[in-house]
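Here, each number is a calculation from the coordinates, and none is a lab measurement. In this text the structure is predicted, and so the values were computed from the model without any measurement. Cβ atoms come from the backbone with ideal geometry, glycine included; neighbour counts cover every protein chain shown.
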2 protein chains.
Amino acid sequence: MTEPSLIFPADEFRGRVARLQAEMGAQGLDALFLTTAADIFYVTGFLTRFWESPARPWFVIVPQMGAPVAVIPSIGAELMGRCWIRDVRMWDAPFPGDDGVSLLAEVICDLLPKRAQIGVPSGLETHVRMPVADYARVAAAIAPRAFVDGTSALQRVREIKSAAEIAKIRTTCGVADRAFARVPEFARIGAPPDQVFRDFQVALLQEGADWGSYVAGAAGPGGYGDVISPASSVPLAAGDVVMLDTGAVKDGYFCDFDRNYAVGPLAPAAARAQEALWQATERVLAELRPGMRASAVHRMFVDALEQGGVTPGGGRLGHGLGVTLTEWPSFTPHDQTELRAGMVLTLEPGAVTDDGQLIVHEENIVLREGGAELLSARAPQVMQEIGA
Amino acid sequence: MTEPSLIFPADEFRGRVARLQAEMGAQGLDALFLTTAADIFYVTGFLTRFWESPARPWFVIVPQMGAPVAVIPSIGAELMGRCWIRDVRMWDAPFPGDDGVSLLAEVICDLLPKRAQIGVPSGLETHVRMPVADYARVAAAIAPRAFVDGTSALQRVREIKSAAEIAKIRTTCGVADRAFARVPEFARIGAPPDQVFRDFQVALLQEGADWGSYVAGAAGPGGYGDVISPASSVPLAAGDVVMLDTGAVKDGYFCDFDRNYAVGPLAPAAARAQEALWQATERVLAELRPGMRASAVHRMFVDALEQGGVTPGGGRLGHGLGVTLTEWPSFTPHDQTELRAGMVLTLEPGAVTDDGQLIVHEENIVLREGGAELLSARAPQVMQEIGA
């Protein structure tokens, strides 16, 4: 197990850093300060499930010129040592009283001039993964250097996926496609959804997922009530719609799409919703173009669903996707982000059926100059039926 | 899927809130402000893998008197509606410009007096899971009410597990015990570790895990280099030690322990390390008592390992465990936390072999008044051998 663990060649990461640095330059930032698994993986290739432990913070500084610097707990020495970045400073975490604070402040002060404006992802869909008291301590220690909002500099770069990233996401979508195809093997009338969820996670692993970071779903007569709950143990019954939704992960890249299955013959209201959802997705697949705003895609979905005779439902109707399960932008009425070629997106219309139940339909795409290109295998127009 | 999703009866949560409120009273806090999956699950029972999406923040306020209030994205309405708390305020997230900020500030101002000191987990092993700019906005909007450090109030309560929690962790440990017992079925000479990892995750699911939140491990001749890397594809070879480490999850409760396997006959240096690790764990199992400091346990391990003729290695030598993979305290020389009955802990000594390789040994226990009680099945004294 001493092979390099790089998911990509070093040049892929150098390209990302160059694009971040160009964006920093345009926005007057002297550096970016990164603390989350996704941002640090994006820049360094450092990939571990150890982020599940909240015990230790991890830091990467990307200066506007020059090479990134990692400031990390020494337990990460070997793994970060196999990544492409060369400047790695370490401390013995967790260390009560000074858990990397003075080391981080020292590195920032050495690396950046006194007037440095240091971008921190601080806006929508972000958080700083370190103790908030320590963040304040670092901010005080590095003054007059200042932490400022770096959300846009990071997001405008991360949201455009490279060819290598798109290939990874396509591969992960393929894993989920194959697992979804096997659902009728284990989702039968009488099967409890919690067992179906386990079997589905097994199928994801067997089809090549490194792990199933996210599995949700629901089942109910002619639809379901929400899309984020854990599975119940109430056995599937004829007339149910069962939905499975997954963010499987391979090489650190996610898919995020669902599939619905009719348990026995589908109720008419559910069938109408399915048809409306499928047709709405067809329209957006055909009409989506770079230059549109995220809010316009929401409008397009709402119009198509209403023309299909159903009430839109289920929250945002799609979002970005990549090194986390969900990324910006959001297909809501409020999000004015401009769509650009290279974005990987989910199309996720939801509909409330005449029976008051929710059904959500989801595909993953990459936006090209000419329009949408599917990364998931297109869901069937008629919901697949599973039996006894 | 409309059954209540409560993992515990409401009284379990009421007891937790009462203990938090007593601690707040003792520390002069008027409320706790919680933002992470673990803290919110602890208080409300709200359990979903949807936390994997970074898109939306979630908030719970626990006042020093009275009932908790949840301030959450409306996508959580149904699931939170099945939990025991009754006061749930919602907004349509993600909402650019005001993603719950004004609603949260309004709720805090209505709920708490102007001089309120609101504890936020801000210290070691914490983070605030919301945009840091929004946290500052809320802090400004609620003044003169103040966010202060609430780490200790939360941790002194969460670290003592109830009987119901200990039962859950024991169940999860049992899942991992059964999966570890099956490792020799699929870890054979020539098997690539990444496939072994997949098979192990399948075994965890088949043995009853809801998901495998954490799987790490390593393999190498007579030991390994680190314990957080993803699996490689280099086939297992005779003389390797292969280690699997898991944080499986069932009903929101984690286990966290590993097992080592000898691929063919074990090298003498590795066998000596195994014996020293096993004996050091025996000693700590026998001598651990409430009232000791975490640092004293570290010292006990170091002494036992050195008496066993090996060099201690691998970072902290154990830690807390429960609703996250790792919790405080840490068995390091620096952690002065007093151990108390009801703590669930990992004992995790590591040793560097004479060949310079690392081996880590891990068990899960609950600390009782009379000493340690194992939750994991004790690892065998002699490392289990797997073959061709």
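Could you point to the residue in A:Val71, A:Leu34, A:Ala140 farthest towards the positive end of the stretch A:10-158's charge dipole, with +1 and -1 charges on the Cβ of Lys/Arg and Asp/Glu respectively?
So the residue we want is A:Leu34.
Pull up all non-local amide H partners of A:Arg89: gap of 5 or more, or a different chain, and H-to-H distance under 5 Å with H placed in the peptide plane.
A:Ala70, A:Val71, A:Ile72
Taking R0 as 30 Å, what FRET efficiency do you get between A:Asp303 and B:Glu106 from their Cβ-Cβ distance, rounded to the nearest 0.05?
E between A:Asp303 and B:Glu106, to the nearest 0.05, is 0.30.
Is the C-alpha gyration tensor of the protein assembly as shown telling us rounded, prolate or oblate? Criteria: a/c under 1.5 is rounded; beyond that, a/b larger than b/c is prolate, otherwise oblate.
rounded
Tell me, for the rotation carrying B onto A, which chain B residue has the beta-carbon closest to the axis and what that distance is in whole Å.
So the chain B residue sitting closest to the axis is B:Val202, 3.
Is the stretch B:163-386 rounded, prolate or oblate when judged by the Cα gyration tensor, a ≥ b ≥ c being the square roots of its eigenvalues, rounded requiring a/c under 1.5 and prolate requiring a/b larger than b/c?
Numbers: a/c = 2.01, a/b = 1.19, b/c = 1.69.
In terms of gyration-tensor shape, oblate.
Excluding same-chain residues fewer than 8 positions from A:Lys114, which aspartates and glutamates have a Cα within less than 19 Å of its Cα?
Qualifying aspartates and glutamates at Cα under 19 Å: A:Asp30, A:Glu106, A:Asp149.
So what's the back-of-envelope 222 nm ellipticity for the protein assembly as shown, counting only DSSP H runs of four-plus at -39500 (n - 2.57) apiece and dividing by all residues, rounded to 500?
-10500 deg cm²/dmol
Can you give the mean number of other chain Cβ atoms that lie within 10 Å of the Cβ atoms in peptide B:71-82?
Per residue, the number of nearby Cβ atoms from other chains is 3 on average.
Once you keep just the Cα pairs under 8 angstrom separated by 6 or more residues, what percentage relative contact order results for the stretch B:174-290?
For the stretch B:174-290, the relative contact order is 23 percent.
Over the whole of A:193-204, what's the average partner chain Cβ count within 10 Å per residue? Rounded to a whole number, please.
Mean inter-chain Cβ contacts per residue within 10 Å come to 3.
Shortest first and in nm to one decimal, what separations exist between A:Ser233 and its copies in the other chains, measuring from label points 7 Å along the Cα-to-beta-carbon line?
When each copy's label point is compared with this one, the spacings are 4.1 nm.
Under the rule of at least 5 residues apart or a separate chain, name every residue whose amide H is placed under 5 Å from the amide H of B:Gln384.
When sequence neighbours closer than 5 places are left aside, the close amide H contacts are B:Ala262.
Using alpha carbons only, how many degrees (0 to 90, rounded to 10) separate the axis of helix B:268-287 from the longest principal axis of chain B?
Result, in degrees: 50.
Among B:Ala179, B:Ala146, B:Ala37, whose mean-square fluctuation peaks in a Gaussian network model of chain B (Cα, cutoff 10 Å)?
B:Ala146
Which lysines, on any chain, are close to A:Lys168 with Cα under 25 Å apart, when same-chain ones fewer than 8 places away are left out?
A:Lys250
Looking at the stretch A:10-158, what % of its DSSP beta bridges pair antiparallel, to the nearest 5?
On the way: 7 of 18 bridges.
The antiparallel proportion sits near 40 percent.
With contacts defined as alpha carbon pairs under 8 Å and 6 or more residues apart, what's the relative contact order of the stretch A:163-386 in percent?
So the answer I get is 22 percent.
Treating the angle as unsigned and between 0 and 90°, give the value, to the nearest 10°, between the Cα long axis of helix A:10-27 and the longest Cα principal axis of chain A.
Approximately 80 degrees, to the nearest 10.
How far is B:Ser162 from the same spot in each other copy, in nm, shortest first, if each label point sits 7 Å from Cα toward Cβ?
For B:Ser162, the other copies' label points sit at 5.0 nm, shortest first.
Taking the Cβ of B:Asp226 as the center, what net charge do the other residues with Cβ under 12 Å away carry, scoring Lys and Arg +1 and Asp and Glu -1?
Once all neighbours under 12 Å are counted, the net charge is -1.
Using a simple spin-label model with points 7 Å from Cα along the Cα→Cβ vector, what separation in nm is obtained for B:Asp194 and B:Ala10?
Here the modelled spin labels are 5.0 nm apart.
If you restrict to DSSP beta bridges whose two residues both lie in chain A, what percentage is antiparallel, to the nearest 5?
75
What FRET efficiency would be calculated for the residue pair A:Gln336, A:Glu369, taking the C-beta separation as r and a Förster radius of 30 Å, to the nearest 0.05?
0.90
Given charges of +1 on the Cβ of Lys and Arg and -1 on the Cβ of Asp and Glu, with all other atoms neutral, how large is the dipole of the protein assembly as shown about its Cα centre, in debye to the nearest 20?
Dipole magnitude for the protein assembly as shown comes out near 880 debye.
Would you order B:Ser53, A:Ser330 from fewest to most other beta-carbon atoms within 10 Å of each residue's own beta-carbon?
Placing the least packed residue first, the sequence is B:Ser53, A:Ser330.
Among rounded, prolate and oblate, which fits the stretch B:230-291 when a ≥ b ≥ c are the square roots of the eigenvalues of its C-alpha gyration tensor, a/c under 1.5 means rounded, and a/b larger than b/c means prolate?
oblate
Between B:Glu287 and B:Thr171, take the C-beta separation as r, use R0 = 25 Å, and let me know the FRET efficiency to the nearest 0.05.
That pair, B:Glu287 with B:Thr171, gives E of 0.35.
Distances in nm, one decimal, shortest first, from A:Arg14 to the same residue in every other copy, taking the label point 7 angstrom along Cα→Cβ.
6.5
Return one number: the angle in degrees, 0 to 90 and rounded to the nearest 10, between the long axis of the Cα atoms of helix B:101-111 and the longest principal axis of the Cα atoms of chain B.
Result, in degrees: 70.
Magnitude of the Cβ-charge dipole of chain A, K/R +1 and D/E -1, about the Cα centre, nearest 20 debye? Don't skip to the end; give the middle numbers.
Details: 33 positive and 47 negative charges, 171 e Å.
Dipole magnitude for chain A comes out near 820 debye.
If each of B:Arg82 and B:Gln381 carries a label point 7 Å out from its Cα toward its Cβ, how far apart are those two points in nm?
Placing both labels 7 Å beyond Cα along the Cβ direction yields 4.8 nm.
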